[in-house]
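Here is the structure we will look at, set down as structure tokens.
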Amino acid sequence: MCLLSKGSRQYERRKWRTLTDAGKMMRPFDVLFDLAEGKVNLLGNRTVRRYSDVKHIFHEIDPKLERENPIIYEVFEAPIAEKEGDLMFLITLLYPGRVKNEFFMTKGHYHVFENTAEVYLGLKGKGLVLCQTRNGDFESHEICPNKVVYIPPYWAHRAVNTSSELLVFFGVYPAHAGHDYKSVEAEGFKKRVFFENDKICIR
Ligand code: PAN
Ligand code: ZN
């Protein structure tokens, strides 16, 4: 019998171990998040990307952000091992803001196993998902609550917050997919998203 109180650190650590122990069959689990209360912990890793971590992806340097070094986005993962057969799911919080006039965005990546797709489901706020293939095909899709963006295999993807509130979206993909950031750093995305003349401009 488990005497640990639900929600305690020990309980969460035990649960995490149970879910990821190598060689053991996973047990079904559920996890509750509450956007209204700002509780989005999915029990796995949390990654925080500050301006200093991602400033190289933007068109210009912003001296104000250099000084303040704000969080640009955070990712909360479920405690799933990166192996074939499993699905990783996560929630991204992408903060509102701009680097000079370019909207805050995620680094963007291809999956290492490029034949793996991903689904984004908008939960809060509004933005764009930029998608691009290695041969230069490009598309952008709006993401907002109740909207699903399907990112097929072979498409790099990056989210952009084009609103003045927090953009929150859920993502799910094959857990073994892996993230190739280097290609996107080398090639960039064909288009960027700016705020110009009071309008959102993709160019
Ligand atoms: C997403 C992203 C997340 C952060 O869950 O990992 O939004 O973006 P970057 O990984 O590009 O920094 C996803 O597409 N996972 O595969
Ligand atoms: Zn992805």
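The figures follow:
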{"item": "Residue match in the range 41-56 (condition: modelled with pLDDT of 95 or more and loosely packed, with under 11 Cβ neighbours inside 10 Å)", "result": "yes"}
{"item": "All positions within the range 65-85 that are more than 15 Å from ligand 2 (Cβ to nearest atom) and over 12 Å from the mean Cα position of the chain (by Cα)", "result": "L65, E66, R67, E68, N69, P70, I71, P79, A81, K83, E84, G85"}
{"item": "Flag for E114 being surrounded by 15 or more Cβ atoms within 10 Å (Cβ to Cβ), more than 11 Å from ligand 1 (Cβ to nearest atom) and at pLDDT 95 or above", "result": "yes"}
{"item": "Within the range 160-189, tally of residues that are away from ligand 1 (no atom under 15 Å from the Cβ) and either surrounded by 15 or more Cβ atoms within 10 Å (Cβ to Cβ) or among the hydrophobic types (A, V, I, L, M, F, W, C) (or both)", "result": "2"}
{"item": "Residue within the range 44-53 that is assigned to a helix (DSSP H, G or I), free of Cβ contacts under 8 Å to residues at least 40 places away in the same chain and small (G, A, S) present", "result": "yes"}
{"item": "Strands (runs of 3 or more DSSP E) fully within the range 92-150 counting 1 or more residues that are free of Cβ contacts under 8 Å to residues at least 40 places away in the same chain", "result": "127-132, 138-143"}
{"item": "Residue check for G108: within 18 Å of H56 (Cβ to Cβ) and either touching a strand residue (DSSP E or B) at 6+ places or on another chain (Cβ under 6 Å) or away from ligand 2 (no atom under 14 Å from the Cβ) (or both)", "result": "yes"}
{"item": "Some residue of the range 128-137 being surrounded by fewer than 15 Cβ atoms within 10 Å (Cβ to Cβ), among the basic types (K, R) and more than 10 Å from ligand 1 (Cβ to nearest atom)", "result": "yes"}
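Let's see how each residue does on (1) part of a loop (DSSP other than H, G, I, E, B); (2) in contact with a Cys (Cβ under 9 Å, 6 or more places away or on another chain); (3) closer than 23 Å to K100 by Cα; (4) within 12 Å of ligand 2 (Cβ to nearest atom):
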| position | (1), (2), (3), (4) |
| --- | --- |
| R158 | no, yes, yes, yes |
| S163 | yes, yes, yes, no |
| F170 | no, no, no, no |
| Y173 | no, no, no, yes |
| A177 | yes, no, no, yes |
| A186 | no, no, yes, no |
| K191 | yes, no, yes, no |
| F194 | no, yes, yes, no |
| I200 | no, no, yes, no |
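The values are calculated or read from the model by the stated rules, or taken from the named source; none is laboratory data. Everything numeric in this text was worked out from a predicted model, so none of it was measured. Cβ: placed from backbone, ideal geometry, glycine included. Neighbour counts: every protein chain shown.
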